There are 2 protein chains.
Amino acid sequence: YLACKKEMQMLSDLPAETRDGYRVQLLANIDHPGEVASALAQGAEGIGLFRTEHLFLGRDTMPGEDEQFEFYVQVVQRMRGRPVVIRTLDYAGPSSPFFQPMHYEPNPFLGCRGIRLNLNFEEIFNTQIKAILRASAFGRVKVMFPLISRVEDLRRVKSMMRQAQEELLRAGKNFDPDIEVGLLVEVPSAALTAELFAPEVDFYSIGTNDLVQYTLAVDRASAGINPLNQVLHPAILRLVKNVIDVARNARKKVAMCGEMAGEPLATLLLLGLGLNQFSAAAGALPEIKKVIRAVTLKEAREVALRTLQLSGPEEVRRYLEQEMKSRRLYF
Amino acid sequence: YLACKKEMQMLSDLPAETRDGYRVQLLANIDHPGEVASALAQGAEGIGLFRTEHLFLGRDTMPGEDEQFEFYVQVVQRMRGRPVVIRTLDYAGPSSPFFQPMHYEPNPFLGCRGIRLNLNFEEIFNTQIKAILRASAFGRVKVMFPLISRVEDLRRVKSMMRQAQEELLRAGKNFDPDIEVGLLVEVPSAALTAELFAPEVDFYSIGTNDLVQYTLAVDRASAGINPLNQVLHPAILRLVKNVIDVARNARKKVAMCGEMAGEPLATLLLLGLGLNQFSAAAGALPEIKKVIRAVTLKEAREVALRTLQLSGPEEVRRYLEQEMKSRRLYF
Ligand SMILES: [Mg+2]
Ligand SMILES: [Mg+2]
């Protein structure tokens, strides 16, 4: 165990590079500034997903622009110029003091959450986006919006963002005018039409948890189906491949920030498909890096090609396990 | 109005055939044997979707095999040899006396409904499938199962069906041993991997209502987005095209039984994509037939090609409206 721990520590300083010199980036998913130190210790080269829900939950008053700015800028400053991707508020739980659904929703996951919440509660969104923009003056901030299903929604949210920028300009507050905007690909329609979003975005980030949920019509919380067998469903693999191919053709970076990105069994496959950035819980990064450093890009591409020919999650899982075992990459 | 009504009545006896002689079939969606007469009067050539939920709702005791058989066979006999596609129980409402969810489901539409219900409550499924099989001795019955997301689920349900057939054989009861089994394509993963199901099915039927709901992550019941703009999202059109192409390559028939099939604005497009059967509420069939009889297959194919190049639901809707208006097919 100690040997293993030491190996992982040594790994954190080494690049996430294949044996034939292909470089990817490992990023961390976080909820709170307090997690930055451990993300850096595990070798994170940036924050690929900074969730902002925690600032809003379990309290009676809305967090103001200054309070939010303080929260975001702590992460940005601690990351010292490394990229920090902030996701605007996503929420699909019981009703909150700040945003009551307009009407009873029998299926909250198919209702007013993500971008729909952002668009329906303009005041909350305007405050949040101004706080994020102000934090962008202190480092390399990028922003993405949850649950985008249509290009129109992205256009609308970007115009609200431009309005917030004008308000900051008038108030004499600094922000990065070239802040990058990403498409969080987590609704099947966005994955299926990823190329239609290309003119509107600077990068793509695939959120596999929601993507799996909607593509298979299975609540994440529901028992029964093995979660790994959901992620490895050929339909998910095809959607992931499509988004990566679209990003490559559009010369944009593509990340993955869902649980699949932190699953070592999927690393060879994702590498072979051409994923540029893996964003996962910090604790998962050393394992992922170990896999990446043990293989060549050529091998990974062969694995990806073969995986895409398989017809079911079980076959995919068995095949990937075998490829890992034959390389002594136990997990 | 009377002229229009008379025109529709005359239409009911004419085939659903394009001006250049391409023939499709118009089928009706029904919930109850009492709807057969009006379906036939509107020119339905079969029942494309016989929902069976109504037999189970609003009562305290399970409908037995004989009672279900009586219900199904009424439709089969009244259709006199025309096809009747029966869908096994789909249910996603408040808990029922017969099937309590195993645990609280925060999002019933992503939970234990459709085929998952069928597989979880084997006794209910076994009774229903035996009743359907017995009805198949009296006409041309086909069967399909709701919410299939994985080939494994279809294989499992088919093996349960074989077991029911053996039980009927032992009991000396008649059924059609060649009863056709269809894939109800209403989960994005099934649409994305439609060709993987080909060895297991005799036909495809696209259920657009649920397909839209999951592909766009929008509850059907939720307000806000115009339902037509959901159906015409390029992601939905691509999935529909994929299923139709797969069916053609596998030399199997493909139907559509969602609301899109009864939407005259979509008829030219669906015809051009190669849909074989349109199944809708009986009242919608004359309008659909009118559109089909007014155009050539060649024109419809051109419309479909152009539609697929458009980048948003609004553009699609405007373009299809214009094609309809230029042909004086007002709606
Ligand atoms: Mg998500
Ligand atoms: Mg359905």
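No value in this document is a laboratory result; all are computed from the given coordinates. Computed from a predicted structure; not experimentally measured. Neighbour counts run over all protein chains shown; Cβ positions are idealised from the backbone, glycine included.
Report yes if some residue within the range A:292-300 is in contact with a Gly (Cβ under 6 Å, 6 or more places away or on another chain), surrounded by fewer than 18 Cβ atoms within 10 Å (Cβ to Cβ) and closer than 26 Å to A:GLU186 by Cβ; otherwise report no.
No: zero hits.
Being aliphatic (A, V, I, L, M) and over 12 Å from A:VAL295 (Cα atoms) is the filter here, so list the residues in the range A:311-329 that pass it.
Selection gives A:VAL316, A:LEU320.
Checking A:LEU192 against (1) in contact (Cβ under 8 Å) with a residue 12 or more places away in the chain; (2) away from ligand 1 (no atom under 16 Å from the Cβ); (3) surrounded by fewer than 24 Cβ atoms within 10 Å (Cβ to Cβ); (4) under 21 Å from the mean Cα position of the chain (by Cα), which test does it fail?
(3)
When you go through (1) within 18 Å of the chain's Cα centre (by Cα); (2) in a helix (DSSP H, G or I); (3) within 14 Å of chain B (Cβ to nearest Cβ) one by one for A:ILE288, which number turns out not to apply?
Here A:ILE288 clears every test but (3).
Please go through the range B:177-189 and give me each residue that is small (Gly, Ala, Ser) and facing chain A (nearest Cβ under 8 Å), ordered by number.
B:SER189
Taking the range A:107-159 only, how many residues are among the charged types (D, E, K, R) and within 14 Å of another protein chain (Cβ to nearest Cβ)?
Selection size over the range A:107-159: 7.
Look through A:ALA282, A:ALA266 and report the one residue that is under 26 Å from A:LEU147 (Cα atoms), of a type outside the set (D, E, K, R) and touching a strand residue (DSSP E or B) at 6+ places or on another chain (Cβ under 7 Å).
A:ALA282
In the range B:130-160, what residues are more than 16 Å from ligand 2 (Cβ to nearest atom) and within 16 Å of B:LEU184 (Cα to Cα)?
B:VAL141, B:LYS142, B:ARG150, B:VAL151, B:GLU152, B:ARG155, B:ARG156, B:LYS158 - these are the residues of the range B:130-160 that are more than 16 Å from ligand 2 (Cβ to nearest atom) and within 16 Å of B:LEU184 (Cα to Cα).
For the range A:235-263, what are the residues that are of a type in the set (A, V, I, L, M), within 14 Å of chain B (Cβ to nearest Cβ) and away from ligand 1 (no atom under 16 Å from the Cβ)?
A:ALA235, A:LEU237, A:VAL246
Please work out which residue is nearest to the other protein chains (Cβ to nearest Cβ), limiting yourself to the range B:198-218 and to residues that are among the hydrophobic types (A, V, I, L, M, F, W, C) and surrounded by fewer than 24 Cβ atoms within 10 Å (Cβ to Cβ).
B:ALA198
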